[in-house]
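Reading through the structure tokens given below for one structure.
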Amino acid sequence: MTRIDLHTHSLVSDGTDTPTQLVQKAAAEGLDVIALSDHDTFDGLREAKLAGEKAGVEVLGGMEFSTRHNGHSVHLLAYGCDPHDQDLLDELARVRVGRSDRVPAMVAKLTELGMPLTVDDILAVSSGASLGRPHVADAMVAKGYVASRDEAFRDWLYDGGPAYVDRYCTALPDAVDLVHRAHGVTVLAHPWGRGRRDDLPEWFLAELVNENGLDGIEVDHPDHDDETREALRGVAARLGLLATGASDHHGLGKTRNPLGACTTDPQVYAEIVRRIRARGGRP
Ligand code: AMP
Ligand code: FE
Ligand code: FE
Ligand code: ZN
């Protein structure tokens, strides 16, 4: 049985493995295909693909795009994009600037809350390519303020939490269009995870399919319970969307997401690859 995990992170964004380590772990776990999908960057893809050739793991180039809909954060997986597409690169750079620009404000909030931190403390625990709240969490752990990323998010960093600061994200329909123009395939990540069901109702997903040509939705994901997965499978069937499954592995950064925790049907993967080729891209 071919095992395919289409959503993973390296320390280029907020995972904890180098792209090479991630691919080697995937090989050890018996995975045949993984997509590296770091947040808002393609930086790890070259290394991951080289490691994949050595380890016998097929690596699909991916990226998880930070987008916004109705004021809610929505993650969009993009597969097979041309990593040199200038419009897409410009927009991703804008998103990453938004990631870095909020760090001083978060550090100031935490300092005010009795947890002194500096921007350098955050940079010290990150590759610097795509800074996120998990890096702030890691700096808090390093200072002994919290025991884990989970605790940092639960008490301080959650959306709207005491140390939360908003950042720039691309409007969701624009992000879908940008990915398609870069020959990529679009799959909404964990659409109904963590109480997000009302943010993305079926009628809106239908609109994204009809007006922007959204390709698929992640159905099997650790943040979706069984009932949610069945409901999303129904949505995918009704709207003609590809239904994928993946772990959203973050190395040691998320304990509930071991590599291969959820996987994608080989026929669905084949269709993703077919669409990338049909759009003039190279998977
Ligand atoms: P940001 O990219 O700064 O908006 O932070 C969101 C990221 O934090 C997501 O990509 C998740 O991977 C991560 N995250 C969210 N909640 C948690 C948690 N409870 N523990 C660890 N990581 C989390
Ligand atoms: Fe993440
Ligand atoms: Fe995500
Ligand atoms: Zn992710």
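So what is the orientation-averaged projected area of the chain, using the convex hull of its C-alpha atoms, in nm²? List each step's numbers first, then the result.
Numbers: hull surface 54.6 nm².
Result: a mean projected hull area of 13.7 nm².
Write down the percent of antiparallel bridges among all DSSP beta bridges whose residues are both part of the chain, to the nearest 5. Before the final figure, lay out each step's value.
On the way: 12 of 29 bridges.
Taking every DSSP beta bridge within the chain, about 40 percent pair in antiparallel fashion.
In terms of other Cβ atoms within 10 Å, V119, V209 run from fewest to most in the order V119, V209. Listed by Cβ neighbour count within 10 Å, with the fewest neighbours leading, M1, M140 appear as M1, M140.
Percent of C-alpha pairs per 10 Å bin in the stretch 103-233, short distances first: 11, 31, 27, 24, 6. For the stretch 152-215, the dipole from Cβ point charges (+1 on Lys and Arg, -1 on Asp and Glu) about the Cα centre works out to 280 debye, to the nearest 20. Footprinting exposure proxy ranking of C81, C169, fewest other C-beta atoms within 10 angstrom first, gives C169, C81. This model, with +1 at the C-beta of Lys and Arg and -1 at the C-beta of Asp and Glu, gives the chain a dipole about its Cα centre of some 300 debye.
Dipole of the chain computed with +1 at Lys/Arg Cβ and -1 at Asp/Glu Cβ about the Cα centre; of L6, P19, A270, farthest Cα towards the positive end is P19. With the charge dipole of the chain set up from +1 on Lys and Arg Cβ and -1 on Asp and Glu Cβ about the Cα centre, the Cα lying farthest toward the positive end among the listed residues V185, A243, A129 is that of A129.
Give me Rg over Rh for the stretch 61-160, both radii from the alpha carbons and Rh done the Kirkwood way, two decimal places. Checking Rg against Rh, the ratio lands at 1.01.
Read-outs: derived from the displayed coordinates by stated rules, not from any lab. Note that the structure is predicted; figures quoted are calculated from it, not measured. All Cβ positions, glycine included, derive from the backbone under ideal geometry; neighbour counts span all protein chains shown.
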